[in-house]
Each structure stands twice: as structure tokens, then as C-alpha cells.
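The values are calculated or read from the model by the stated rules, or taken from the named source; none is laboratory data. The structure displayed is predicted, hence computed values, not measured ones. FYI the Cβ positions are ideal-geometry reconstructions off the backbone, even for glycines, and counts take in every protein chain you see.
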Amino acid sequence: MASPSGARMDPPKTEVAVSRGLFRRKSVTELQREAETDTSLKRALGAMNLTMLGIGAIIGTGIFVLTGTVAARNAGPAVVLSFVLAGVASIFAALCYAEFASLVPMAGSAYTYGYATLGEFIAWIIGWDLILEYALGSVTVAIGWSGYVVSFLRDVGIHIPPALSAARGTLVPLPDGTTITAIFNLPAVVIIAVVTALLVVGIKESATVNDVIVMIKVAVVLLFIAGAAHAINPANWHPFMPANTGVREEFGWSGMMTGAGIVFFAYIGFDAVSTAAQEAKNPQKDMPIGIIGSLLICTVLYIAVSAIATGVVPYRDLDVPDPIALAADVAGLGWMSSLIKLGAIGGLSSVILVMLLGQSRVFWTMSKDGLLPEFVNKIHPKFRTPWITSIVTGIGVAIFSAFLTVREAGSLVSIGTLLAFVIVSVGILVLRIREPNLPRVFKTPIVWFVAPAGAISAVYLMVSLPWVTWERLLIWFVLGLVVYFLYGYRHSKLGKQERAA
């Protein structure tokens, strides 16, 4: 309706007219209008905060934990190439994310972008998929955090009971050479509870804590690079790509590609930046800076650290919970080992913070659209944060982090993230065709190469992951389809507007 009195009716008319049924879409112009007028979340983040959020999420388990396990089990010293390939795939996707984030500065990230381009059903799939990315990402990092905390506390004479320091059923070695079966991972549960409380208190407070932690952990990473480089033994890089053992994902080209799919988990932080778009002061300008800047900085650091770690320690010896601390010890940086562990603890804490922030914002956005129960869509009257989604997410993540291993959770996160990248890369092309004249503050360069390259490289990395990861993904999506058709489809606000029209 054109009249001022009918302005409130425009969104339903416009959105329902876009499409119908499973593939009904949100109007991009309505999303832009909503982003300008919706003040429920506090706009408190600048370009530096967003870049720090990205670095805070990216530098974590990938560099402090997965570097060792992927080198030892999958790629050998060629883990460096695994990081390069995963980084290239991420850069393609990051450019597409940057255009979407500046065009549709809403909290839902890939879920919202999918809703505006490919329709509600695809948006639900990607929203359900983002639970794998952010919630299980938090689980993975919490497990890594636990390993470093247990090791650090042991160094200062404090011993966490072994039965309470790992996933249920894990055999934990004791000093006398015997083993004990773990019951659950207590430190992982504790860190999730602390970070959840911080997220409920406020976005600005969370970002400030993250900024401080990021500066500390980047300093630790740079210190490791500078201090351990002298101890590199080139013989440890030979063979650079060990021969395949006969098992698809163990060494050789297939092992290196599997490694790329697993360490891809290390790069997921940059897309978590897009979930904070509704809390950015100037999202059109600052979101691309935060997304692309954080990814480029971290890619360089990842390549350097993985090269040094495999050059200092034989790759087969790196399959430990704290491989970077081990490399520091071997390099003769005994004084630095505890510092690295402390930096890793802080660094992993910031990753958990950003992952939980991203998940709670996606839940909040899906609830606003009616795809999840309305009670989830509550903003705290004092802190102006989606406190219910933060608490629900925290409880779920704490439960899973108590019982899963880092490798089980990490592979699922990688495949979920890669699927999100495929949908965002395809979505940006769809929007260029469907609405070429939308004002775009940031445009993906050579989009007809970058977007297909992003989608194809993500699919290739997905195919490289173990089949058991695909089985778990399919089970997860079947569960998601049940939830959507029993609840989401019937309660969708666009669906209600469509039926009313």
C-alpha cells in the first residue's frame, strides 16, 4: 500500500508476493528497512571490534589443536597445504559473505541471506545447519580449551581428576603408565557456563573482553613463530606428503584433502562476524572490513604456525591435545610453554564466545520469523541481548562438550560450515540475477568466478570428509526436516501472511 496509513501492511504484501509455499522469500528491501528501524539489539560495534571478533573466532582450535592431529593422522607436513586450500576456499566465500552482510545487515547470517534469495525451505536448512557450525563449533573448542587448562594447571601443581577431564569413555593416561576411563569433561562445561553468562550481560562487554583476549593470543602466536623458527629441522619435512597408507584419509593427496576439510573448521570464525551485523554501528562499511580483514590475517598466521610446528616436531608426534606447546618445548622454549598454554586458553575462550554469540543470534532471528517458538525471541530489558537463546544454547553446548571428542565434533562442524558456504556462494549469484540494481556498498569482485569457485571448492572439501561425517549430517537433516514440517512451516510468519492474503 502506498498510503502512510497502510505502511505497516507493506512488508506482508511485498514478501508474500515474492514467492509462495516452501520457497517463499523475504524481500531484500524490506530486510534493509527492518535493519534501519529495528533497535532491539544494541549497535555498539565498530570495524575494529568486528575484525577482533573474527580473529577471536578464527584463531583457536584450528591452530592450537587441529594442527597436530591433522598432521599426525591425515596430511603429515602437507598440513601446510591443507591450511592453504581451506584458506582459499574461505576467501572465495568471505567475499560473498561481505557483499551480503553489507547489503542485508541482519543478525541471521547465511540463514537470512538464504531466506532472501533461495526461499524459506533452504533458509531453514541453512539455519539448522548453522547449529552444527556454531553450537558444535563451541563444543569442539571447549574440548580443546579443557585440554590446555588441564595441562596448564598440572604445570603449576593443580591436578584435575583425570576422570573429569575428557569425553565419556575416553582412556586418560595416568603418570604411572596406567589409564582410567573418563566420566565427563568438567572444565569444558565450566567455560561454557562462564561465556554464556558474559553474553547475557551485554554485547559491548563481550566485545571488550574479546578484544583484550585477541591481542594476548596474537602476541603469543607471533612469539611462538619468532622463538621456534630457529629450531626447524628440514628433515622433519621429508617426506612432505607421506605416501598413502591404503586408507583414503591417511596421507597422500587424499589425506591432505581430508586434512583441508577438517582444518577448514579453523576458518569458520569470519562468517560468525556476519551474525553481529545488527549490532554494528555502520554495517555497510564495517562488515566487509571485519570479515575479510580477520580472514586474511589469520590465514597467514595459520600457514606460518603449521609449517614451524611440523618442522620442529616429527609429524607423527604431534597427535597430542597441546601440539603447539609441545613444539615450544622441543624448540627449547621451556619458559614459553606455559605462556603458550595460557595464550591458548585465552584464545580458545574468545572462540567459544564468538561461536555462542553467533548461534544465539541465529536462533533469535529464526524465532522472529516464526520458525522457532516465540518465547526464544526475547530481549533482556536491561542488557538488550537475546538472553533466552544465549542460555538455551549454552546449556545444550555444555552437555555435548562433556561427552564428545574434539575430532567427532570438528568434522561435523566443518561439513556444516562448508554447506553454508555453498548456499551463500550460490545465493549471491541468484541475487545478482534477480535484483541487479540493488545499491551495493560492497560488491564481490569478479563475482562470476569467485562465487562458483567458492561453491565448487566447498563441495570438493565436503566430499573429502569421511563418510561417517556424511551419515551424521544426513541424520541431523532428517531431524531438522521433521522439526520444520511439524512446527516451522505451520508457524512461519510469511506463511501466515500468505494464507491471510
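Of note:
- Residues in segment 39-54 that are in contact (Cβ under 8 Å) with a residue 12 or more places away in the chain and either charged (D, E, K, R) or assigned to a loop (DSSP other than H, G, I, E, B) (or both): 6 in all.
- Any hit, segment 178-199, residues being assigned to a strand (DSSP E or B), of a type in the set (Gly, Ala, Ser) and either out of contact with any Leu (no Cβ under 6 Å at 6 or more places or on another chain) or surrounded by 14 or more Cβ atoms within 10 Å (Cβ to Cβ) (or both): no
- None of 443, 382 is at pLDDT 85 or above, part of a loop (DSSP other than H, G, I, E, B) and of a type outside the set (Ser, Thr, Tyr) except 443.
- All positions within segment 189-247 that are of a type in the set (Asp, Glu) and either touching a strand residue (DSSP E or B) at 6+ places or on another chain (Cβ under 7 Å) or touching a residue at least 40 places away in the same chain (Cβ under 8 Å) (or both): 211
- Set 99, 30, 36: member being free of Cβ contacts under 8 Å to residues at least 40 places away in the same chain and touching a helix residue (DSSP H, G or I) at 6+ places or on another chain (Cβ under 8 Å): 30
- Scanning segment 442-462 turns up at least one residue that is among the basic types (Lys, Arg) and either crowded, with 19+ Cβ neighbours inside 10 Å or within 30 Å of residue 28 (Cα to Cα) (or both).
- The number of residues in segment 134-158 being outside any helix (DSSP H, G or I) and under 16 Å from residue 337 (Cα atoms) comes to 2.
- Of all the listed residues (57, 86), the sole one being buried (at least 24 other Cβ atoms within 10 Å of the Cβ), within 23 Å of the chain's Cα centre (by Cα) and either modelled with pLDDT of 85 or more or assigned to a loop (DSSP other than H, G, I, E, B) (or both) is 86.
- Test: residue in segment 95-112 that is modelled with pLDDT under 90, over 23 Å from residue 45 (Cβ atoms) and among the hydrophobic types (A, V, I, L, M, F, W, C): no
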